[in-house]
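Colleague: Sending over a structure as structure tokens; questions will come in a sec.
The values are calculated or read from the model by the stated rules, or taken from the named source; none is laboratory data. The shown structure was predicted, so the numbers you read here are calculated from the model rather than taken from an experiment. Note: ideal-geometry Cβ built from the backbone for every residue, glycine included; neighbour counts use all protein chains shown.
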Amino acid sequence: MIVKITPVKTWMEQMIRPIITKIAFYGKPSKRFLTYVTIEFEGNFVIKDIKIVRLNEKMLLAMPARQNMDGESVEFAFPINREYRMYMETTIFDRYVKECIE
């Protein structure tokens, strides 16, 4: 009998996509602004003050930003690649529609 042993992935390899486990919405909507969002990743990391805004009847995710010394707005927490941004947008927008619109 031949037993094939598959190597166990390291914790880093398993964490390629941190899973969003909690989403909270807060804030009073206005013409363009819909809500603030706080997301938690597997009880280990939190990002606060993400905004959902409406632009031309489309929802957009605006990551938290601060002004630098030149007065320019710079994001300080953001997804690095398109696939993870799509994952975040889909997860957050789906929950927003279920909890805040329906």
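Colleague: Scanning segment 30-45 for residues that are out of contact with any helix residue (DSSP H, G or I) (no Cβ under 8 Å at 6 or more places or on another chain) and surrounded by 12 or more Cβ atoms within 10 Å (Cβ to Cβ), which turns out farthest from Cys100 (Cα to Cα)?
Modeller: Phe41
Colleague: Say whether the condition of being among the basic types (Lys, Arg), at pLDDT 90 or above and in contact with a Ser or Thr (Cβ under 8 Å, 6 or more places away or on another chain) is met by at least one residue in segment 86-98.
Modeller: Step one: of segment 86-98, the residues among the basic types (Lys, Arg) are 95, 98.
Retained after the next criterion (residues that are at pLDDT 90 or above): 95, 98.
Okay, now just the ones that are also in contact with a Ser or Thr (Cβ under 8 Å, 6 or more places away or on another chain), so none.
No.
Colleague: Which strands (runs of 3 or more DSSP E) sit wholly inside segment 15-97 and have at least 2 residues that are of a type in the set (Lys, Arg)?
Modeller: Hits in segment 15-97: 45-55.
Colleague: Any idea which of Met69, Met63, Met88 is loosely packed, with under 10 Cβ neighbours inside 10 Å and either touching a Pro at 6+ places or on another chain (Cβ under 8 Å) or at negative phi (or both)?
Modeller: Met69
Colleague: Separate question: Among all residue pairs at least 6 apart or on different chains, which show Cβ distances below 9 Å where the first residue, located in segment 59-88, is in contact (Cβ under 8 Å) with a residue 40 or more places away in the chain and the second is among the β-branched types (Val, Ile, Thr)?
Modeller: Once the first residue is in contact (Cβ under 8 Å) with a residue 40 or more places away in the chain and sits in segment 59-88, its partners that are among the β-branched types (Val, Ile, Thr) give Tyr87/Ile20; Met88/Ile20; Met88/Ile39; Met88/Ile50.
Colleague: Give the residue, chosen from Phe41, Phe33, Phe25, Phe45, that is of a type in the set (Phe, Trp, Tyr) and within 17 Å of Met86 (Cα to Cα).
Modeller: Phe41
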